[in-house]
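Everything on this sheet refers to the single structure shown next.
The values are calculated or read from the model by the stated rules, or taken from the named source; none is laboratory data. What you see is a predicted model; the values in this text were computed from it and never measured. Cβ placement follows ideal geometry from the backbone for every residue including glycine, while neighbour counts extend to all protein chains displayed.
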Amino acid sequence: MTTDVNVKMDALPGLDPNALLLQVKNLQVEFRTRNGIAKAVNGVSFDVAPGQTRAILGESGCGKSVTAQAIMGILDSPPGFITGGEILYRGVDLLKLPEEQRRKVRANKIAMIFQDALSALNPVFTVGFQLAELYRKHRGMSRKDAKARAVELLDLVRIPAAKQRVNDYPHQFSGGMRQRVMIAMALALDPEVLIADEPTTALDVTVQAQIMALLAELQQERNMGLLLITHDMGVVADVADRISVMYAGRVIEEAGVDDIYATPAHPYTKGLLESIPRLDLKGQELSAIKGLPPVLTNIPPGCSFNPRCRYVQDVCRKDPAPQLYTVSSDRTAACHFWKEVKGDE
Ligand SMILES: Nc1ncnc2c1ncn2[C@@H]1O[C@H](COP(=O)(O)OP(=O)(O)O)[C@@H](O)[C@H]1O
Ligand SMILES: [Mg+2]
């Protein structure tokens, strides 16, 4: 049995144990389709530190999953292409690494949980077999040891009667339990970064809360960096440290979670916040943002949010798109009128 993967990993040229876990810098991804070029990710930057949860928040179609796919190296290509930027793991640009090393980093250091556990698990193998395979393949463990680790993992994600359930097939688990299996698979090789793409969207509200609590707990225990992708602002309040709000392929606001909730500085963020269902207003109309996000092959000039914005002025309809203004030492917003939005003037 060999577990020298970590040793090899340390030999990565440029690896800096003190560098941030994950830094995405000016990432650009485009899809070359028959209808034109869709700039799905258009200069996105953010980072994730150990023990930190960064939420990527935005409506459907704004480039969240594509960002995650680019980091994981699972972009659908063609038609998708990374056309610029860097994806640094502890200071090493994954996009410049030889394929084999890149694969190793991704297998061992960065793991991902998908929205749809049923399609991410293989229906013809027991969950125990699928978990054990990870240890056999990446750690060279014996069948028996690997199976024992699989049971430990199911215990870790609090699946009752793990010893028996390890022999069950994915379809024998409920949606919530299946998502726990997904989390177990993601944690199997002790990743430093966990990417969770809408991990609870398919579940009912109570189960959603349980899964989020479990994720947060495991993250704290292991001091992992968590990149939590969601369209649901209600989900991030309790777990996120920092939030990057995405719109039409760009980050339009970046701030700590308390600042975002107290004084959003971009009209889009403000709209999202007002759209959170509130128990005390049950039955009332949600003030969801009017209209739809732009089609990415046809992004409007100036600020891409301008057709939906209640603060819009002429300058917002003209190129260039608003820069990310410094709102305070640790937050930015890409709105010409951020002071007004935030309530400063
Ligand atoms: N396989 C694909 N082929 C063509 N375009 C794609 C593909 N996947 C994503 N896109 C484009 O990228 C945009 C962003 O998609 P995605 O990142 O999945 O959005 P979301 O924020 O909902 O996760 C889509 O609106 C679409 O324009
Ligand atoms: Mg998505």
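For region 187-206, taking the residues that are surrounded by fewer than 17 Cβ atoms within 10 Å (Cβ to Cβ) and among the acidic types (Asp, Glu), the one that is nearest to ligand 1 (Cβ to nearest atom) is identified as ASP204.
When you go through ILE87, ILE74, ILE82 one by one, which is the residue that is crowded, with 18+ Cβ neighbours inside 10 Å, aliphatic (A, V, I, L, M), at negative phi and within 15 Å of the chain's Cα centre (by Cα)?
Numbers: ILE74 fails: crowded, with 18+ Cβ neighbours inside 10 Å; ILE82 fails: within 15 Å of the chain's Cα centre (by Cα).
Going through ILE87, ILE74, ILE82 in turn, just one is crowded, with 18+ Cβ neighbours inside 10 Å, aliphatic (A, V, I, L, M), at negative phi and within 15 Å of the chain's Cα centre (by Cα): ILE87.
Residues checked against (1) touching a helix residue (DSSP H, G or I) at 6+ places or on another chain (Cβ under 9 Å); (2) within 16 Å of ligand 1 (Cβ to nearest atom):
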residue	(1), (2)
ASN223	no, no
LEU228	yes, yes
VAL239	yes, no
TYR247	yes, yes
VAL251	no, yes
GLY256	no, no
ALA262	no, no
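Against the list (1) within 16 Å of ligand 1 (Cβ to nearest atom); (2) at pLDDT 95 or above; (3) in contact with a Lys or Arg (Cβ under 8 Å, 6 or more places away or on another chain), the condition GLY73 fails is (2).
With respect to PRO98, is the statement that it is over 29 Å from ALA240 (Cβ atoms) and touching a His at 6+ places or on another chain (Cβ under 8 Å) true? No: the conditions fail for PRO98.
Contact map, region 223-239: first residue more than 21 Å from ALA262 (Cα to Cα), second residue among the small types (Gly, Ala, Ser) and assigned to a loop (DSSP other than H, G, I, E, B), Cβ cut-off under 8 Å, separation 6 or more or different chains; pairs are ASN223/GLY51; MET224/GLY51; GLY225/ALA49; GLY225/GLY51.
When VAL245, VAL235, VAL251 are checked against the criterion of being within 16 Å of ligand 2 (Cβ to nearest atom), modelled with pLDDT under 95, hydrophobic (A, V, I, L, M, F, W, C) and surrounded by 16 or more Cβ atoms within 10 Å (Cβ to Cβ), a single residue qualifies: VAL235.
Taken together, the criteria place VAL166 among residues that are away from ligand 2 (no atom under 16 Å from the Cβ) and surrounded by 22 or more Cβ atoms within 10 Å (Cβ to Cβ). With respect to ILE183, is the statement that it is outside any loop (DSSP other than H, G, I, E, B) and within 16 Å of ligand 1 (Cβ to nearest atom) true? Considered against the rule, which asks whether it is outside any loop (DSSP other than H, G, I, E, B) and within 16 Å of ligand 1 (Cβ to nearest atom), ILE183 comes out as no. What about LEU203, is it without any contact (Cβ under 8 Å) to a residue 60 or more places away in the chain and within 26 Å of GLY271 (Cα to Cα)? Here the answer is yes, as LEU203 does meet what is asked. Of the residues contained in region 285-307, one or more are found to be at pLDDT 95 or above and either within 26 Å of VAL48 (Cα to Cα) or of a type in the set (Ser, Thr, Tyr) (or both).
Considering each residue of region 208-226 in turn, none proves to be within 18 Å of GLY58 (Cβ to Cβ), touching an Asp or Glu at 6+ places or on another chain (Cβ under 7 Å), aliphatic (A, V, I, L, M) and at pLDDT 95 or above. Just name the residue that is farthest from LYS270 (Cα to Cα) out of those in region 306-334 that are in contact with a helix residue (DSSP H, G or I) (Cβ under 7 Å, 6 or more places away or on another chain) and hydrophobic (A, V, I, L, M, F, W, C). This residue is CYS316.
Scanning region 1-36 for residues that are modelled with pLDDT of 95 or more and within 16 Å of ligand 1 (Cβ to nearest atom) yields VAL24, LEU27, GLN28, VAL29, GLU30, PHE31, ARG32. All but one of (1) modelled with pLDDT of 95 or more; (2) more than 22 Å from LEU215 (Cα to Cα); (3) in contact with a Lys or Arg (Cβ under 8 Å, 6 or more places away or on another chain); (4) surrounded by 16 or more Cβ atoms within 10 Å (Cβ to Cβ) hold for THR53; which doesn't? Result: THR53 fails condition (2) only.
Listed by position, the helices (runs of 4 or more DSSP H) enclosed by region 42-143 include none that has at least 2 residues that are within 13 Å of ligand 2 (Cβ to nearest atom) and over 30 Å from GLY234 (Cβ atoms).
For region 171-216, the set of residues classified as charged (D, E, K, R) and away from ligand 2 (no atom under 16 Å from the Cβ) consists of ARG178, ARG180, ASP190, GLU192, ASP204, listed by residue number.
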